[in-house]
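Asker: Before we start, here is the structure in question, set down as C-alpha cells.
The values are calculated or read from the model by the stated rules, or taken from the named source; none is laboratory data. Remember, it's a predicted structure, so these values are computed and weren't measured experimentally. For neighbour counting, all protein chains shown are included, and Cβ atoms are generated from backbone atoms with ideal geometry for every residue, glycine included. Calculation scope for accessible area: heavy atoms of the full protein, side chains included, ligands and nucleic acids excluded. Shrake-Rupley method; radii C 1.70, N 1.55, O 1.52, S 1.80 Å.
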Amino acid sequence: MAVSSIYKKRLFYLIVICTAIRIIAACAVELGNDEVYYYTYAMHLQENYFDHPPGVALLIKLFTLNLAFQQAVFIRLGSIVCAIAGTFLSFKIGTLIRNEQTGWLAAVLYSTNIYSSVIAGTFILPDSPQIVFWLASLLVLIKIIGVFDAGGKVPLMQWVLFGVFSGVCIMCKVHGAFLWFGLGLYILFFSRKMFMQWGMYLAFLITLLIISPIFFWNIQNDFVTWDYHSSRVAVHQFVIDGDGFIQTLVGQLFYNNPVNVIITVLAVIYFRKNEGLQKNVHRLLLLCGLPIIFIVTGTSLFNTVLPHWSGPGFITLSFLAAAFLDIKLQAKKAGVIPLVLKSSSVLIIFLIAAGIGIINFYPGTIGSKDERNYGESDFSLDMNGWGTFGAQFNQWKNLEQIQQQLQPDLKIVCNKWFPASHINYYVARPSNTYVVGVGSVNDLHQFVWLNHYQPALKKGENALCIVPSNYPEDPSVTYRNSFASDTLLHTFKEYRGNKLSRYFDVYLLKGYESGDEAETFKIGQ
C-alpha cells in the first residue's frame, strides 16, 4: 500500500526531529555503566557473552567501523539508527492493522516512549537492535495470521522471514523468545488449525539454527549465562518484596511514558467490549505483549528485576493505543487527542533536557556526602566526570613514571564489571593499558573472558587499583587473597558545578598471588 504524501512528510519530519534530539543527547553525556560494558563486547566478538547474545556487539562494531571511531556518539550511533527503523516499522504496523493515521499515531507513541526512544533509542543496549527485530517479527506475524484466518495460503517466505527475524531478535536479547510464546498461545487458544502449517515448523527450525551459538557457547562455558540469569529470576523463597514490586511498577510507568501507559490501558479496556480492530490482530497483540509484562512484574514480587525488561511488551500494546486514538479522532475528539500527544511529547523532551542538565551541571552530588562513600547512589555520576578523571590520571601516571616513582606498563586491577568498564574505556583505552579482572566470575562478567585476550597478571606482579568513592572498596579486604599488600598513592577530587562530587583513590597493589576464580575459570574454546 502506497503511503499518502501527507503521512510521508509527517513521518519524515518526526524521524528527523527525533534523530536530531537523540544525537544531541548522545553527544551531551558520557557513556553509562551498561554502555561502557557493552563496548567490551565489541573489543572481541564471541558467539555469546556472559550476560547476553552478541547482537549489541555487532551493532557497535558496525557503526564504529570496527572500532575505528570510538567516541561516544559513534558507539551510540547504532542505537539511534535502530530508533529510526523502529519508528518506521511502528508506522507500517499501525497502517497494516487499521490505516495510515493509526500508523502515524503508532510512530508518535514509539517516539515519545522513553524506553524505545531514549533507553533503547539513544543509549546503546541489547534492547536497541532487539526492538527492531521484535517489530519486524510482529509485522510479519500480523500478515501471516491475516492471510491464514481469511482462509488464504500463507506464503512460505512469510514463515521464513518470521523465523529469521525472531531468531535474530533472540540473538540480540533472549526476551525475543516471547514472540514464539505469544504465537504459541494464539494458536493454542484461537487457531489450532495453524498447527498443520508446516511453514511454521520450518520457521521454528530456522530460529533454532540462528540461536544455536547461544547453546553451544554455554555448553563450552559451564552454562554461566543460564546460571546467572536463572539466579536473577528464579524464586528461591516466597518472601514478598513489596519495595521491589512498587519500584518495578513505577519504573515501567516512567520508562514507557506515563501518558502513553494511560492511553494503552484505556485502549486495552476499550477493545474488550468495542470493535475497531480485527479480533485476530487484537488477540495476537495482547498475547505477544502481556506475557512479558506480567512475568517481569510478577517476578519483581520476589526478585530484583529491571523495569525496561518489559519494554517490548508495552511497545506491542501501543498499537492498540494507536488504534484507540484513531477511533477517537474519527469520533470528532480531535482537540483532545492532539493535546494528549502534545503532553506526551513535552514530557519526554522535558525529561531528556532535565536529565542532561542534572548529569552535567548539578552542583556536587545528589548521593552520599560521607567521605567514605562520597557520591554513592548518585546515578548521574555514571555519565559524568569519567573523561576528565581519565585525562588527569594518565597525566599523573606519566609524570610518576618519568620521575621513576612508578614502574612502566602497570596493569589496572578491578574486581567488578562496574566500575571496571568505565576504567577500561575512559582510563585504560586512551593509554593502551589493560584492565585485569580479579575476583569472582559473577562479579566480573565479561572481564573474565577479556583476561584471556590480553597479557595476564603474573605471579608476583604489581598492579594499580582505582576506587571511585561512589563505588567504595577497601583494597586491603577485597584483594587480601590476591595481593600481598596495598598502598594508597594518590587521591583525585572530582568537581561538578564547582562543588565536590566524588573522589578517586589510586592504590598500588604489590605481589600478585595467582589462583582467584577469574584466573582459574575454564574458558570454552
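Asker: Given the conditions (1) touching an Asp or Glu at 6+ places or on another chain (Cβ under 9 Å); (2) under 29 Å from ILE358 (Cα atoms); (3) not in a strand (DSSP E or B), which single one is not true for SER476?
Answerer: For SER476, the exception is condition (2).
Asker: Would you call HIS308 assigned to a helix (DSSP H, G or I), within 16 Å of the chain's Cα centre (by Cα) and crowded, with 17+ Cβ neighbours inside 10 Å? Don't jump to the end; show me each part of the working.
Answerer: Working: assigned to a helix (DSSP H, G or I): yes; within 16 Å of the chain's Cα centre (by Cα): yes; crowded, with 17+ Cβ neighbours inside 10 Å: yes.
So HIS308 fits the description; yes.
Asker: Let me ask you something else. Within region 87-100, is there a residue that is at pLDDT 95 or above and within 19 Å of the chain's Cα centre (by Cα)?
Answerer: The answer is yes; a qualifying residue exists.
Asker: Further question on the same structure: Of all the helices (runs of 4 or more DSSP H) wholly in region 1-110, which have at least 3 residues that are touching a residue at least 40 places away in the same chain (Cβ under 8 Å) and under 25 Å from ASN360 (Cα atoms)?
Answerer: Working: elements: 5-28, 33-43, 55-63, 72-75, 77-97.
Output list reads 5-28, 33-43, 72-75, 77-97.
Asker: Still on this model: Given LEU31, LEU67, which one is on the phi > 0 side of the Ramachandran plot and in contact with a helix residue (DSSP H, G or I) (Cβ under 9 Å, 6 or more places away or on another chain)? Step through it out loud before you land on a result.
Answerer: Details: LEU31 fails: on the phi > 0 side of the Ramachandran plot.
Going through LEU31, LEU67 in turn, just one is on the phi > 0 side of the Ramachandran plot and in contact with a helix residue (DSSP H, G or I) (Cβ under 9 Å, 6 or more places away or on another chain): LEU67.
Asker: Before we move on, is THR433 in a loop (DSSP other than H, G, I, E, B) and open to solvent by 10 Å² or more (accessible area, probe 1.4 Å)?
Answerer: Numbers: in a loop (DSSP other than H, G, I, E, B): yes; open to solvent by 10 Å² or more (accessible area, probe 1.4 Å): yes.
Here the answer is yes, as THR433 does meet what is asked.
Asker: Out of all the residues in region 488-525, which are under 31 Å from the mean Cα position of the chain (by Cα), closer than 21 Å to VAL448 by Cα, open to solvent by 70 Å² or more (accessible area, probe 1.4 Å) and not basic (Lys, Arg)?
Answerer: Hits for region 488-525 are GLU517, GLU519, THR520, GLN525.
Asker: If you check ASN481 against the conditions, is it under 26 Å from ASP227 (Cα atoms) and in a loop (DSSP other than H, G, I, E, B)? Spell out the reasoning first.
Answerer: On the way: under 26 Å from ASP227 (Cα atoms): yes; in a loop (DSSP other than H, G, I, E, B): yes.
Against the criterion (under 26 Å from ASP227 (Cα atoms) and in a loop (DSSP other than H, G, I, E, B)), ASN481 qualifies.
Asker: Follow-up question, since we're still on this one. Return only the number of the condition from (1) modelled with pLDDT of 95 or more; (2) touching a helix residue (DSSP H, G or I) at 6+ places or on another chain (Cβ under 9 Å); (3) open to solvent by 60 Å² or more (accessible area, probe 1.4 Å) that LEU464 does not satisfy.
Answerer: LEU464 satisfies every listed condition except (3).
Asker: Another question, if that's okay. Spot the failing condition for ASN470; the list is (1) open to solvent by less than 40 Å² (accessible area, probe 1.4 Å); (2) assigned to a loop (DSSP other than H, G, I, E, B); (3) over 27 Å from ALA42 (Cβ atoms), and only one is missed.
Answerer: (3)
Asker: Looking at ASN66, is it among the polar types (S, T, N, Q), closer than 29 Å to GLY524 by Cβ and surrounded by fewer than 24 Cβ atoms within 10 Å (Cβ to Cβ)?
Answerer: Values: among the polar types (S, T, N, Q): yes; closer than 29 Å to GLY524 by Cβ: yes; surrounded by fewer than 24 Cβ atoms within 10 Å (Cβ to Cβ): yes.
Yes, satisfied.
Asker: A further question on this structure: Any residue in region 115-128 that is assigned to a helix (DSSP H, G or I), of a type outside the set (Gly, Ala, Ser), at pLDDT 95 or above and surrounded by fewer than 24 Cβ atoms within 10 Å (Cβ to Cβ)?
Answerer: Pass one, region 115-128, residues assigned to a helix (DSSP H, G or I): 115-119, 127-128.
Okay, now just the ones that are also of a type outside the set (Gly, Ala, Ser), so 115, 118-119, 127.
Now restrict to residues that are at pLDDT 95 or above: 115, 118-119, 127.
So of that shortlist, the ones also surrounded by fewer than 24 Cβ atoms within 10 Å (Cβ to Cβ) come out as 118-119.
Looking for residues that are assigned to a helix (DSSP H, G or I), of a type outside the set (Gly, Ala, Ser), at pLDDT 95 or above and surrounded by fewer than 24 Cβ atoms within 10 Å (Cβ to Cβ), one finds at least one in region 115-128, hence yes.
Asker: Any residue in region 83-90 that is open to solvent by 70 Å² or more (accessible area, probe 1.4 Å) and under 23 Å from VAL140 (Cβ atoms)? Working first, answer last.
Answerer: Initial filter on region 83-90 (open to solvent by 70 Å² or more (accessible area, probe 1.4 Å)): 88.
This time we only want the ones that are under 23 Å from VAL140 (Cβ atoms), so: 88.
Yes, there is a match, as at least one residue in region 83-90 is open to solvent by 70 Å² or more (accessible area, probe 1.4 Å) and under 23 Å from VAL140 (Cβ atoms).
Asker: Let me ask you something else. For region 478-500, what are the residues that are aliphatic (A, V, I, L, M) and under 30 Å from VAL29 (Cα atoms)? Can you show your working first?
Answerer: Within region 478-500, the first condition is being aliphatic (A, V, I, L, M), and the residues that meet it are 484, 488-489, 500.
Across region 478-500, the qualifying residues are LEU489, LEU500.
Asker: Right, something else. Name the pairs: first residue in region 472-486 and under 12 Å from CYS414 (Cβ atoms), second residue in a loop (DSSP other than H, G, I, E, B) and not small (Gly, Ala, Ser), Cβ to Cβ under 8 Å, at least 6 apart or on different chains?
Answerer: GLU473/ASN415; THR478/ASN415; TYR479/ASN415; TYR479/VAL438; SER482/VAL438; SER482/GLU513; SER482/ASP516
Asker: Being in contact (Cβ under 8 Å) with a residue 24 or more places away in the chain and either open to solvent by less than 30 Å² (accessible area, probe 1.4 Å) or part of a loop (DSSP other than H, G, I, E, B) (or both) is the filter here, so list the residues in region 394-405 that pass it.
Answerer: Those that are in contact (Cβ under 8 Å) with a residue 24 or more places away in the chain and either open to solvent by less than 30 Å² (accessible area, probe 1.4 Å) or part of a loop (DSSP other than H, G, I, E, B) (or both): ASN394, LYS397.
Asker: Go through ALA420, ALA323, ALA391, ALA353 for me and flag whichever is open to solvent by less than 70 Å² (accessible area, probe 1.4 Å), part of a helix (DSSP H, G or I) and under 17 Å from ASN33 (Cβ atoms).
Answerer: Working: ALA323 fails: under 17 Å from ASN33 (Cβ atoms); ALA391 fails: under 17 Å from ASN33 (Cβ atoms); ALA353 fails: under 17 Å from ASN33 (Cβ atoms).
Every option except ALA420 fails the conditions.
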